[in-house]
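**Q** Take a look at the following structure, please.
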Amino acid sequence: MPWTHLDLRAAPLVAFRGKGWENPVKTSIRLLSLVLLLPTACDGAAPTDEPTFGALCETPRAPLLAVVPSGATLVFGTSLGAAVMVGSAAPDAAVPDQWLSGDAVTLAPAGGDYDLALFARVVDPRCVGIATGTFDAVYHVAAALPPGPGAPGSTAVPLDDPRIVGWATGWVGPVHFGSDVDERWRVAPEAALGPAGHDAMATAVLGNGGSVTLTFDRPIADGPGPDLAVFENAIDVGFLELARVAVSSDGVAFAAFDAMYLGVEPIGPFGTHAPEVIEGLAGKYPLGWGTPFDLALLRYHPAVQAGAVDLGAIRYVRVLDVIGDGRERDSFDQPIFDPTPTVLTGGFDLDAIAVLHEAP
């Protein structure tokens, strides 16, 4: 397909591809069907002056991460396959410099890190001016993903970070253990409650493909910057076992964070990989350092858009181990790898979940 380049501040920061929508945006996990939550589609006889949100003006969505590397391509789409137009502007702009027909944006290098506002909406003219149907987000574009603790640009949250205002206090049973968990580790996840620590054995073992849902005395709320941090128990440099993270207000409807994985080779049971290939997955950082998650990144998730998840009142956080043999894909449809296979204490080992912002 032809590419059309859009110049911003004399630098080709983005490129737009194609016309319309080709493939649905791939969510990282499917915890529930949202078909019943989204408005039903309207037929062709809908009044032209009263667009129906579900069919005409659904907000297009692309992966939304705290940091995106230059060169990444963001593909926008809707659940109903509507044709999409996209645009970009300076980070403080309320509207794009211009709208262009197409569903994809490629973030080009610009001699350093930069912020860029991206916009998307469906093509139908009846949706023009409807705020609920417009994607509007500022992306931080960097040469590389954030590095490990102590390095410039790292996003690691230390266990004694003064921003921490609380910790997980309970769980929802039963724990769904994955494979390769010795019987002595198949216990209630009390070890994951309260503050993170430096004891690598004081964790909740999930197993390969396992999951656990923790609860909080006071709901987590969306505030400036990251709102929660997930701690794992890695003690060897680069031995990073990964997990997806999803949040819920009611314990039924969950919204999962987008993820990016840049590694391309399988990792053996004692292999390693670097934090710089990981974004949006818990386990990016070693023991004593939490991986941050910003609830604002979920604002265009279908469950949030439908009102099923309230980002001002998150009471449940679910951690789901990634089976790291490449069968699972990130939000860009790339395989995810981590040390595989692991035994006895297989999969993600949850140390704690910290709260950085809570509801009043």
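The values are calculated or read from the model by the stated rules, or taken from the named source; none is laboratory data. This one's a predicted model, so the numbers in the text were calculated from it and none came from an experiment. Every residue, glycine as well, gets a Cβ built from its backbone with ideal geometry; the counts of neighbours run over all protein chains shown.
**Q** Given the condition within 17 Å of THR291 (Cβ to Cβ), crowded, with 18+ Cβ neighbours inside 10 Å and either over 22 Å from the mean Cα position of the chain (by Cα) or not β-branched (Val, Ile, Thr) (or both), answer yes or no: does some residue in region 178-191 qualify?
**A** As a first pass, look at region 178-191 and keep what is within 17 Å of THR291 (Cβ to Cβ): none.
Within region 178-191 (the criterion being within 17 Å of THR291 (Cβ to Cβ), crowded, with 18+ Cβ neighbours inside 10 Å and either over 22 Å from the mean Cα position of the chain (by Cα) or not β-branched (Val, Ile, Thr) (or both)), the answer is no, since none of the residues qualifies.
**Q** Could you pull out the residue among ILE235, ILE267 that is at pLDDT below 95, in the same structural domain as HIS301 (by TED's automatic domain parsing) and among the hydrophobic types (A, V, I, L, M, F, W, C)?
**A** Details: ILE267 fails: at pLDDT below 95.
Just a single option satisfies the conditions, and that option is ILE235.
**Q** Could you tell me which residue of region 320-357 is surrounded by the fewest Cβ atoms within 10 Å (Cβ to Cβ), considering only residues that are among the acidic types (Asp, Glu) and either not assigned by TED's automatic domain parsing to the domain that holds ALA274 or not in a strand (DSSP E or B) (or both)?
**A** First, the residues of region 320-357 that are among the acidic types (Asp, Glu): 321, 325, 328, 330, 333, 338, 349, 351.
From the residues that got through so far, the ones that are either not assigned by TED's automatic domain parsing to the domain that holds ALA274 or not in a strand (DSSP E or B) (or both) too are 330, 333, 338.
Details: ASP330: 22, ASP333: 10, ASP338: 30.
Among those residues, the one meeting the criterion is ASP333.
**Q** Still on this structure: Applying the selection to region 246-302, what residues are part of a loop (DSSP other than H, G, I, E, B) and closer than 16 Å to GLY225 by Cβ?
**A** Pass one, region 246-302, residues part of a loop (DSSP other than H, G, I, E, B): 249-253, 257-259, 262-274, 280-281, 283-288, 294, 299-301.
Hits for region 246-302 are PHE257, GLY280, ASP294, ARG299.
**Q** Quick test for you: out of VAL95, VAL122, VAL165, VAL138, pick the one residue that is under 30 Å from PRO195 (Cα atoms) and either over 22 Å from the mean Cα position of the chain (by Cα) or not assigned by TED's automatic domain parsing to the domain that holds HIS198 (or both).
**A** Values: VAL95 fails: under 30 Å from PRO195 (Cα atoms); VAL122 fails: under 30 Å from PRO195 (Cα atoms); VAL138 fails: under 30 Å from PRO195 (Cα atoms).
Checking each option against the conditions leaves just VAL165.
**Q** Right, next: Keeping to region 159-174, report how many residues are of a type in the set (A, V, I, L, M) and in contact with a Pro (Cβ under 6 Å, 6 or more places away or on another chain).
**A** Final tally of qualifying residues: 0.
**Q** Please go through region 289-306 and pick out each residue that is modelled with pLDDT of 95 or more, out of contact with any strand residue (DSSP E or B) (no Cβ under 7 Å at 6 or more places or on another chain) and not acidic (Asp, Glu). Don't jump to the end; show me each part of the working.
**A** In the first step, residues of region 289-306 are kept if they are modelled with pLDDT of 95 or more; the result is 289-301, 303-304.
Now restrict to residues that are out of contact with any strand residue (DSSP E or B) (no Cβ under 7 Å at 6 or more places or on another chain): 294, 296-297, 299.
Residues satisfying the conditions are ALA296, LEU297, ARG299.
**Q** Check off (1) at pLDDT below 95; (2) out of contact with any helix residue (DSSP H, G or I) (no Cβ under 8 Å at 6 or more places or on another chain) for ILE278 and give me the number that stays unchecked.
**A** ILE278 satisfies all of (1) at pLDDT below 95; (2) out of contact with any helix residue (DSSP H, G or I) (no Cβ under 8 Å at 6 or more places or on another chain) except (1).
**Q** Further question: Does ILE130 count as β-branched (Val, Ile, Thr), modelled with pLDDT under 95 and within 29 Å of ASP310 (Cα to Cα)? Quick ask: steps written out before the conclusion?
**A** Details: β-branched (Val, Ile, Thr): yes; modelled with pLDDT under 95: yes; within 29 Å of ASP310 (Cα to Cα): yes.
Taking the combined requirement at face value, the residue satisfies it.
**Q** If only one of ALA274, ALA306 is touching a Leu at 6+ places or on another chain (Cβ under 8 Å) and in contact (Cβ under 8 Å) with a residue 60 or more places away in the chain, which one is it?
**A** Numbers: ALA274 fails: touching a Leu at 6+ places or on another chain (Cβ under 8 Å).
The conditions single out ALA306.
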